[in-house]
Amino acid sequence: MSILKPGVPVGLCSDHAGFELKSIIEGYLTAAGIEYKDYGTDSTASVDYPDFAHPLARAVEAGEVYPGIAMCGTGQGMAITLNKHQGVRAALCWDVEIARLAREHNNANVLVMPARFTSPEYAISMLEVFLNTEFAGGRHQHRIDKISVK
Ligand code: RB5
């Protein structure tokens, strides 16, 4: 079942390495009638991924967007930065089953993808699974409750 929340757009961000994949995902979301808010970047000119990860993370924490979708070359920089935010559970996914388990077990609220290490078609497959897999709760909620260090 869809995890999208009525009236709440999906949030997107990338650096230059993820820009083309982000554009493809924007096209997919538009075709699917899914609202989104883009936090940049807006070209393939070299930029620093934290400048885009932090605004997306703050928007996810504030409930302004849900879920987030982030891309950089490897996905590592985005995931590392996003997960500095206490309210963010960003999952770096390179496999459809990992994307499914990131939702089912970890209640991930940001999907991170490695733009230089996945095809657009496979990225869309991961996105579709991520957007349509509910959190299982139960013992997994108990574990998530232990993540925060605040
Ligand atoms: C950019 O060259 C690259 O370092 C960045 O996209 C990302 O892979 C960093 O984690």
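The values are calculated or read from the model by the stated rules, or taken from the named source; none is laboratory data. These numbers come from a predicted model, not from an experiment. For neighbour counting, all protein chains shown are included, and Cβ atoms are generated from backbone atoms with ideal geometry for every residue, glycine included.
At-a-glance table
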{"read-out": "Single match in ALA70, ALA99 (criterion: touching a helix residue (DSSP H, G or I) at 6+ places or on another chain (Cβ under 9 Å), within 18 Å of ALA115 (Cβ to Cβ) and assigned to a strand (DSSP E or B))", "value": "ALA70"}
{"read-out": "Condition check for ALA108: over 10 Å from the mean Cα position of the chain (by Cα), more than 16 Å from the ligand (Cβ to nearest atom) and closer than 25 Å to VAL149 by Cα", "value": "no"}
{"read-out": "In segment 67-111, the residues that are among the charged types (D, E, K, R) and closer than 14 Å to PRO50 by Cβ", "value": "LYS84"}
{"read-out": "Selection from segment 125-150 of residues that are surrounded by 17 or more Cβ atoms within 10 Å (Cβ to Cβ) and under 13 Å from the mean Cα position of the chain (by Cα)", "value": "MET126, LEU127, VAL129, PHE130, LEU131"}
{"read-out": "Residue in segment 97-118 that is farther than 21 Å from ALA17 by Cβ and among the β-branched types (Val, Ile, Thr) present", "value": "no"}
{"read-out": "Condition check for ARG116: at pLDDT 95 or above, among the basic types (Lys, Arg) and surrounded by 16 or more Cβ atoms within 10 Å (Cβ to Cβ)", "value": "no"}
{"read-out": "Filter result (touching a residue at least 60 places away in the same chain (Cβ under 8 Å), more than 16 Å from the ligand (Cβ to nearest atom) and within 15 Å of LEU21 (Cα to Cα)) within segment 121-139", "value": "ILE124, LEU127"}
{"read-out": "Residues located in segment 1-38, provided they are of a type in the set (Gly, Ala, Ser) and either touching a strand residue (DSSP E or B) at 6+ places or on another chain (Cβ under 7 Å) or more than 16 Å from the ligand (Cβ to nearest atom) (or both)", "value": "SER2, GLY7, GLY11, SER14, ALA17, GLY18, GLY27, ALA31, ALA32, GLY33"}
{"read-out": "Residue that is farthest from the ligand (Cβ to nearest atom) [pool: residues in segment 41-67 that are in a loop (DSSP other than H, G, I, E, B) and in contact with a His (Cβ under 8 Å, 6 or more places away or on another chain)]", "value": "SER43"}
{"read-out": "Scan of segment 1-41 for residues that are surrounded by 17 or more Cβ atoms within 10 Å (Cβ to Cβ), farther than 19 Å from VAL129 by Cβ and either aliphatic (A, V, I, L, M) or at pLDDT below 95 (or both), ordered by number", "value": "ALA17"}
{"read-out": "Which listed residue is without any contact (Cβ under 8 Å) to a residue 60 or more places away in the chain, in contact with an Asp or Glu (Cβ under 9 Å, 6 or more places away or on another chain) and away from the ligand (no atom under 16 Å from the Cβ), from GLY87, GLY73", "value": "GLY87"}
{"read-out": "One residue from THR81, THR133 being modelled with pLDDT of 95 or more, within 20 Å of ASP15 (Cβ to Cβ) and not in a strand (DSSP E or B)", "value": "THR81"}
